[in-house]
Amino acid sequence: MLQNYFIAGTDCGVGKTYVTCALLRDLQACGIDAIGYKPVACGDRNEARDIREAVGKPTYSLDAINPVYLRTLAEPIIAAEMERKSIERDALVQGFEQLAAAHQMVLVDGCGSWETPLATGFSMADLAAALNLPVILVVNNRPGAAGLVQLTLQSIQSRGLKCCGYILNHIGEEWSTASVTNSRVISDLTHLPILAEFIHGQDYVDAKEVLSL
């Protein structure tokens, strides 16, 4: 039986959706019926559209992939307040369960950082805990990454969740001493494996290797 995963990030803009889409494309190429789930999106729906394109289903419902869409580009808790909407835990869990029942694998693409607030007393981390999925952590390969990984990992583990490892995403074109050495430093500190390392512009990955299929 195939496993579903929660794709988390140490911060906003680390490339969670980019990595999720690369995994989905390769899973589909391997004949695995995988789908992405973007529970919450703020500002636009481009990431949900990218997920739909990655699985090769241009007519698939955006509402199924992304049940909560807020036009305001802000923290979801503020965007929902401004638009007089609510973000409900049970509804987001139900959306995931519906996709999981219809597909072999679901990759949940988190919104923002691990602790992004969705509603009063409810964060993206709380949603991950409610789904009880193993976590793959996407990290922007830059100076300061090691500290962010440690803080995020502590929060993941405090919720009783398993972190399978991390994916280093080299967003910038230039390399620094930090970007060259981060993988070793993070591995030594966390004792977790590096599942993949994306160089700038890379849009492919061996999903079976990353997900141990």
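Derivation of every value follows stated rules applied to the coordinates shown; laboratory data play no part. Nothing here was measured: the structure is a model prediction, and the numbers come from that model. Positions of Cβ are backbone-derived with ideal geometry, glycine not excepted, and every protein chain shown enters the neighbour counts.
Brief remarks follow.
- Across region 139-149, computed HN-Hα scalar couplings (Karplus, 6.51 cos²θ - 1.76 cosθ + 1.60, θ = phi - 60°) run 10, 6, 6, 9, x, x, 5, 4, x, 5, 4 Hz from first to last residue, x flagging Gly and Pro.
- Across all Cα pairs in region 100-213, the calculated P(r) in 10 Å bins from zero up to the longest distance comes to 12, 42, 35, 10, 0 percent per bin.
- Across region 107-171, Cα-Cα pairs farther apart than 16 Å form 44% of the total.
- With neighbour counts taken as other beta-carbon atoms within 10 Å, the residues THR181, THR152, THR116 rank, fewest first, as THR181, THR116, THR152.
- Per residue of the chain, the DSSP helices (runs of n ≥ 4 H) give a summed -39500 (n - 2.57) that works out to -12000 deg cm²/dmol at 222 nm.
- Hull volume in cubic angstrom per residue (convex hull over the Cα atoms of the chain): 116
- Largest mean-square fluctuation among VAL19, VAL139, VAL185, in a Gaussian network model of the chain whose springs join Cα atoms under 10 Å apart, belongs to VAL185.
- The radius of gyration of the Cα set in region 34-79, together with its Dmax, comes out at 10.7, 33 angstrom.
- The value given for region 150-196 is a Kirkwood hydrodynamic radius of 11.8 Å, derived from the mean inverse Cα-Cα separation.
- Percent antiparallel among DSSP beta bridges (both partners in the chain, rounded to 5): 10
- Surface/4 estimate of mean projected area, convex hull on alpha-carbon atoms of region 9-61, nm²: 3.9
- Whole-Hz ³J(HN,Hα) from phi, Karplus 6.51 cos²θ - 1.76 cosθ + 1.60, for region 47-53, glycine and proline x: 5, 5, 5, 4, 4, 4, 5
- Over 17 Å [Cα-Cα, region 49-105], rounded percent: 49
- For region 107-207, the list of GluC sites (Glu not before Pro) that fall in a loop by DSSP and count at most 10 other C-beta atoms within 10 angstrom reads GLU173, GLU174.
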